[in-house]
Amino acid sequence: MVDTGGKEISSRRAVASARVLMKTETLQALREHRTPKGDPLETARLAGIMGAKKTAELIPLCHPLPITHIDVQAELDDFGVSLKAEVSTNAQTGVEMEALTAVSIAALTIYDMCKALDKGITITNISLESKSGGKSGDYQKI
């Protein structure tokens, strides 16, 4: 692991996003609340929050962080589900991996909850949208 002991504690925030693409029929089933396992969007939101909190357990060289805020949003769009996660901390290293883990786990949860209807669901465009705080400064995806 990288030694963060000499780094200053600062306020840090990261936002990540992902897309889950699916057949029109599967999307319609989500809109009409006809999915076999219940509500995929709310379950994915909770799974994303849980995933962010477990990032250091899942990714070998990530530091465990005192997360102060996690928000995961899952919204239906014309082709499937758009996911967005925002994670904040006051720590010596950033929360980019926690935000990326949150949207990844949320996307996998949607797949799991909808796979009975559509095995061809595609998880795509997992990316860091922005980050703030820390020595490297701010980042905004163009």
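The values are calculated or read from the model by the stated rules, or taken from the named source; none is laboratory data. Predicted model, so just to flag it, every value in this text is computed and none were measured. These area figures cover heavy atoms from the full protein model, side chains too; ligands, DNA and RNA do not enter into them. Shrake-Rupley method; radii C 1.70, N 1.55, O 1.52, S 1.80 Å.
Observations
- Per-residue accessible area (protein heavy atoms, 1.4 Å probe) orders Asp77, Asp138 as Asp138, Asp77, starting from the largest.
- Per residue, the accessible area of the chain comes to 55 Å² when a 1.4 Å probe rolls over the protein heavy atoms.
- The chain - convex hull of alpha carbons, volume per residue in Å³: 100 Å³
- Ordering Thr55, Thr109 by accessible surface, largest first, gives Thr109, Thr55; the 1.4 Å probe counts only protein heavy atoms, with every chain in place.
- The chain: relative contact order in percent, alpha carbon pairs under 8 Å with at least 6 residues between: 41 percent
- Projected onto their three principal axes, the Cα atoms of region 58-135 cover extents of 44, 26, 18 Å, largest first.
- Apportionment of accessible area to carbon and sulfur, region 40-142, percent (1.4 Å): 57 percent
- Beyond 23 Å in Cα-Cα separation lie the following of the pairs Lys53/Lys119; Lys37/Lys131; Lys7/Lys131; Lys84/Lys141; Lys7/Lys141: Lys53/Lys119; Lys37/Lys131; Lys7/Lys141.
- Accessible area per residue was computed with a 1.4 Å probe on protein heavy atoms; Arg31 scores about 110 Å².
- Solvent accessible area, Å² - His33, 1.4 Å probe, full protein context: 150 Å²
- Residues in region 6-14 carry Karplus couplings, in order, of x, 7, 6, 6, 9, 6, 9, 8, 9 Hz; the curve used is 6.51 cos²θ - 1.76 cosθ + 1.60 with θ = phi - 60°, and Gly or Pro positions show x.
- Semi-axes of the equivalent ellipsoid for region 52-97, Cα gyration tensor, largest first, Å: 25, 12, 7
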